[in-house]
Amino acid sequence: MLPDFAATRRETFPTQAAFEAFAAAFAHALEPGDVVALSGALGAGKTTFVRAAVRARHGEDQGTSPTFTFWHRYAGDPPIDHLDLYRIDDPAELTELGLDEAFVGGSIVFVEWWTHAPGLVPEHRYDVTIEGAGDAPRTVTVSGGGR
């Protein structure tokens, strides 16, 4: 559980650096088995949030958007799984893609566009909604809880 993020929290970050610092602090409080469901419009910063989290936990920027491959695993302790469901049109596709294997509990899992397959994402999760685009400030709302 994330004690500092246990209640619903909404905060606006005036710069990308401040937004990424928040993502890093959030990531440091996550544990294997935690799932983070990311929401926001195209360009809101979902992938930027994950990249900052990966960098914070693993010390390097290895995060990319998995939109065309659906799933990236970033090695480290713990591993981080990054799923992007933007291109999922039919939840039946999830079975053939094997995306449910990301939730076995040994990694931290970030899921972009989770609403395209709500049955895939566990009920016990952190919901992170990002508002804003371009050079505008980002407003982040975090609710829910981990495992």
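So what is the 222 nm mean residue ellipticity for the chain from helices alone, if each DSSP H run of at least 4 adds -39500 (n - 2.57) and you divide by all residues, rounding to the nearest 500 deg cm²/dmol?
-6500 deg cm²/dmol
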The answer for the per residue Cα convex hull volume of the chain, in Å³, is 96
What FRET efficiency comes out for the pair LEU42/VAL104, r = Cβ-Cβ distance, R0 = 30 Å, nearest 0.05?
0.50
Once fully extended, how much extra length lies between ALA21 and THR8, figured as 0.36 nm per residue of separation less the alpha-carbon to alpha-carbon distance?
2.8 nm
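Can you say what percent of the DSSP beta bridges in the chain, counting only those with both residues inside, are antiparallel? Round to 5.
Expressed as a percentage, antiparallel bridges in the chain total about 55.
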Sites SER143 and ALA75 - FRET efficiency at Förster radius 35 Å, r taken between beta-carbons, to 0.05
0.75
Report the FRET efficiency, 1/(1 + (r/R0)^6), for ALA29 and GLU96, where r is their Cβ-Cβ distance and R0 is 35 Å, rounded to 0.05.
0.55
Below 8 Å, C-alpha to C-alpha, sequence gap of six or more: please give me the relative contact order for the chain in percent.
38
Per the Kirkwood definition applied to all pairs of different Cα atoms, how many angstroms is the hydrodynamic radius of the stretch 74-147?
13.8
Is there a quick way to get the dipole size of the stretch 8-144? I mean about its Cα centre, with the Cβ of Lys and Arg at +1 and of Asp and Glu at -1; what is the value in debye to the nearest 20?
460
Simple spin-label estimate for THR115 and TYR86 in nanometres, 7 Å along Cα-Cβ:
1.6
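Readers should treat all values here as calculations from the given coordinates under stated rules, not as data from a laboratory. As the structure is a computational prediction, the values presented were derived from the model and not from experiment. Positions of Cβ are generated from backbone atoms using ideal geometry, with glycine treated the same way; all protein chains shown enter the neighbour counts.
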